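This report refers to the structure that appears directly beneath it.
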């Protein structure tokens, strides 16, 4: 169905579960943090999504989706390191927040591409990854990501100012 293998379906379900975990993290905590169960689920499922994605060669050999998987793994590594240092304050909280949100945004690129080049069945919305309609949608999603990350960083800044001791 839809030209997806059983392994492709497993990869898709893992990716959708990762996105659901991120949505729960945003709804409960206003962002994705490894200190929360939803944040840990998002990161673990995203790692699984990236690893399974590296074994999918629907469009031939190693290509842009595989590079995106490797970049996402790198971004999650940065998030994990920053999260460990978060307890010490400073920029680490901002880096961890931005990295996790960037990994969440990365899910949309292959998600939109694969979905919209397959659906609707009779006449898919996009003809391929370079379709201007698809690129516009991903661009709009990036704009929402930028607004969302700015909101999260401002919220972190406000929270750190409230917790900071008064200077004398």
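The values are calculated or read from the model by the stated rules, or taken from the named source; none is laboratory data. A quick note: this is a predicted structure, and the numbers were derived from the prediction, not measured. Virtual Cβ from ideal backbone geometry, glycine too; neighbours counted across all protein chains shown.
Observations on the model:
- Just one residue in the set 35, 6 is farther than 16 Å from residue 97 by Cα and more than 15 Å from the chain's Cα centre (by Cα); that residue is 6.
Table: residues versus (1) within 27 Å of residue 109 (Cα to Cα); (2) modelled with pLDDT under 95; (3) loosely packed, with under 10 Cβ neighbours inside 10 Å.
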| position | (1), (2), (3) |
| --- | --- |
| 122 | yes, yes, yes |
| 129 | yes, yes, no |
| 141 | yes, no, no |
| 146 | yes, no, no |
| 151 | yes, no, no |
| 164 | no, yes, yes |
| 167 | no, yes, yes |
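- When residue 60 is tested against (1) free of Cβ contacts under 8 Å to residues at least 60 places away in the same chain; (2) on the phi < 0 side of the Ramachandran plot; (3) surrounded by fewer than 14 Cβ atoms within 10 Å (Cβ to Cβ), just one condition goes unmet, and that condition is (2).
- Residues in segment 73-97 that are within 20 Å of residue 143 (Cβ to Cβ) and either modelled with pLDDT of 95 or more or surrounded by fewer than 17 Cβ atoms within 10 Å (Cβ to Cβ) (or both): 75 alone.
- Residues being in a helix (DSSP H, G or I) and touching a residue at least 12 places away in the same chain (Cβ under 8 Å) - total across segment 13-30: 9
- Filter pass, residue 101 being free of Cβ contacts under 8 Å to residues at least 12 places away in the same chain, crowded, with 16+ Cβ neighbours inside 10 Å, closer than 17 Å to residue 155 by Cβ and in contact with a helix residue (DSSP H, G or I) (Cβ under 9 Å, 6 or more places away or on another chain): no
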